[in-house]
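These notes are about the structure you will find just below.
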Amino acid sequence: MKRISLLLMSVMMSTMPSLAALPPHFQRQAEIDAVLQAAVEILGVEQPVDAIRFIETDRYEVLSGACTMVVRIIDTPGGKTEGWVGPRQFTALPEAPKCPPVR
């Protein structure tokens with residue numbers, strides 16, 4: 001009887017929907033897309049982005065010619081209730097670009 005109840009519990013648990021956040025590689029892709037969009041809004045199309053470098057969690061460095069700019073990932077407040085699952089809600093917050101002086 002104990003075996004049957006264990007088997008029944010296993011079957012019931014395996015049929016429940018999987019509740020997980022966005023897989024890490026998809027989350028990173030979403031962050032990079034947001035970083036690129038934030039950088040283009042600040043730098044404009046006349047300064048194309050050459051590279052985006054992951055510095056640390058929630059912090060990216062954008063390279064555009066001789067200029068560098070840091071973009072931070074900030075969680076969007078609210079909207080999450082206890083037991084909330086799904087992709088992380090965030091916004092990309094760019095800092096001012098640092099460019100060498102023009103000679």
(message) What's the ranking of 27-40, 83-96 by average number of surrounding C-beta atoms within 10 Å, highest first?
(response) 27-40, 83-96
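Which value, in debye to the nearest 20, gives the size of the charge dipole of region 19-94 about its Cα centre, when Lys and Arg are +1 and Asp and Glu are -1 at the Cβ?
180 debye
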(request) Can you pull the one-decimal nm distance between simple spin-label points at Phe54 and Ile74, each 7 Å off the Cα toward Cβ? (result) 2.3 nm
(message) Spelling out what I want: for every residue of region 36-50, take phi, set θ = phi - 60°, compute 6.51 cos²θ - 1.76 cosθ + 1.60 (Karplus), and round to whole Hz; glycine and proline get x.
(response) 4, 4, 5, 5, 5, 5, 7, 7, x, 6, 6, 10, x, 6, 8
(message) Amide H of Phe90 versus every other amide H placed in the peptide plane: which residues, excluding those fewer than 5 positions away on the same chain, fall under 5 Å?
(response) Thr76
(request) Beta carbons within 10 angstrom, averaged per residue: use that to sort the peptides 42-51, 66-75, highest first. (result) 66-75, 42-51
(message) Explain nothing, just the number: relative contact order of region 26-103, from Cα pairs under 8 Å at least 6 residues apart, as a whole percent.
(response) 29 percent
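Suppose R0 equals 30 Å; then what is the FRET efficiency for His25 and Arg103 from their Cβ-Cβ distance, rounded to the nearest 0.05? Walk me through the intermediate numbers first.
Values: r = 42 Å, r/R0 = 1.42.
The pair His25/Arg103 has a calculated efficiency of 0.10.
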(request) Mind listing the long-range amide H neighbours of Cys67? Cut-off is under 5 Å, sequence gap 5 or more, other chains count too, H placed in the peptide plane at 1.01 Å from N. (result) none
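Each value in this text was obtained by applying a stated rule to the coordinates, not by laboratory testing. For clarity, every value in this text was computed on a predicted model and none was experimentally measured. Quick reminder, even Gly has a Cβ in these numbers, built from the backbone with ideal geometry, and neighbours come from all protein chains shown.
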